[in-house]
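Every number in this text was worked out from the coordinates using simple rules, so none of it is lab data. What you are looking at is a predicted structure, and each value in this text was computed from that prediction instead of being measured. All Cβ positions, even for glycine, are placed from backbone atoms using ideal geometry, and neighbour counts span all protein chains on display.
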Amino acid sequence: MDRLRDYFTGRLDDMLFVELSEDFIEKAGAGTYLKDVPVPVHKDDIRGFASGGIRTAKLGERMVEVIGCDPEFRYCENYIAFLRHAFDDKLINVIMGKAAREAEKGDPKSACVQYRAALALEPENAGAMFGYARTCQDIYIESEDDEEIGRFKAESLSGFEEMTIKHPDIPEGHYYLGYAYVNMGLYLKAQIAWQEFIRLRMEQVRSGAGNQPDSSDQENDGNFRIPDDVTEIRSRLDQLEEPVKIEEGCNHIIAGRYDQGIEVLEKFADGPHSNWWPMHYYLGTAYRETGRLGEAAQSFRAVLQLNASHIDSMQELVEIYGLLGETELEQKYRNKMMLVREMQ
């Protein structure tokens, strides 16, 4: 499923689709690919098209735009076949060069269209995969629309994941994947990604591929200067130590290992991460499952102090106070739950 298609197809509104003359098709040797196939012409091209035709390069440029906007367009396979026929292997670099220029101009959506087209031509091209995931990241960072943020964030994450699978030896994929996981609250996965980044990056340094002259004001490892990005990620990993432990505690509870989860999470319930409401929710769940109803109620109330509209915690409190015979409190949270549902 193309989760981003709807954000780009509007760009095709200024395109007209016309059939090429037999003479043009013959001269271009495109009979196999474009016979009876409507090709895209931008409204700005019409005057030149009417007076003397359209250059093959311009036609290719418009095809690339259509492919990037809507890779599922009816004639994309024809366009891709023609592009491979009409242009040499450098075409992919031309497309990615244009993408880079669009990104530099501050237009990540136009850059994204070019990278999407590049991936349609070469699905496993490392540069296209990396550029696409990065521009998706730029788009969701700049966006203020929740749905757009969610879709582009998911696409960026899956792009970096796919890159690390298809090109596991490229450090940058693991570097950005780690940040993508942190943004999703997946701290254990971020830790693994960043550990792999450091391993690969230091292999580059020691092999000479990424080595830089030694400097007394930089961190060193033997005779090699530690790159700034490695120093940065080592610091990030230090910051992740407690979030990773909290995530492991939550995972214990999800798996039904309630006592183990409680043992881990109780250490952090009043610490620097006490404002993370999911920790209190999982801790409350574990308390409830082990019969510690009073402590469970306290944890679910802590959730509501941090996330006042969390209906699942209200439902838990209704059930717990029902079991404890606290009818007034049971009704209080039942009323709150009904009010929140009416407002949603």
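Take the Cα of Ser309, step 7 Å toward its Cβ, do the same at Lys27, and the gap between the two points is 6.2 nm. Panel order for Arg116, Arg225, Arg11, by other beta carbons found within 10 Å of each beta carbon, from fewest to most: Arg11, Arg225, Arg116.
Need one word for the chain: rounded, prolate or oblate. Basis is the Cα gyration tensor (sqrt eigenvalues a ≥ b ≥ c); a/c below 1.5 gives rounded, then a/b vs b/c decides. It comes out oblate by the Cα gyration axes. Between the alpha-carbon centres of the range 115-131 and the range 144-191 there is a gap of 16 Å. State the Kirkwood hydrodynamic radius of the range 290-343 in Å, one decimal place, computed from all pairs of distinct Cα atoms. Radius from the Kirkwood sum: 11.0 Å.
Only lysines eight or more places from Lys35 in sequence, or on another chain, were considered; those with a Cα closer than 21 Å are Lys27, Lys58. Exposure proxy for Leu323, Leu317, Leu121: other Cβ atoms within 10 Å of each Cβ, ordered fewest to most, give Leu323, Leu121, Leu317. Full extension of the chain between Ser274 and Glu326 gives 16.0 nm of extra length, using 0.36 nm per residue less the Cα-Cα distance.
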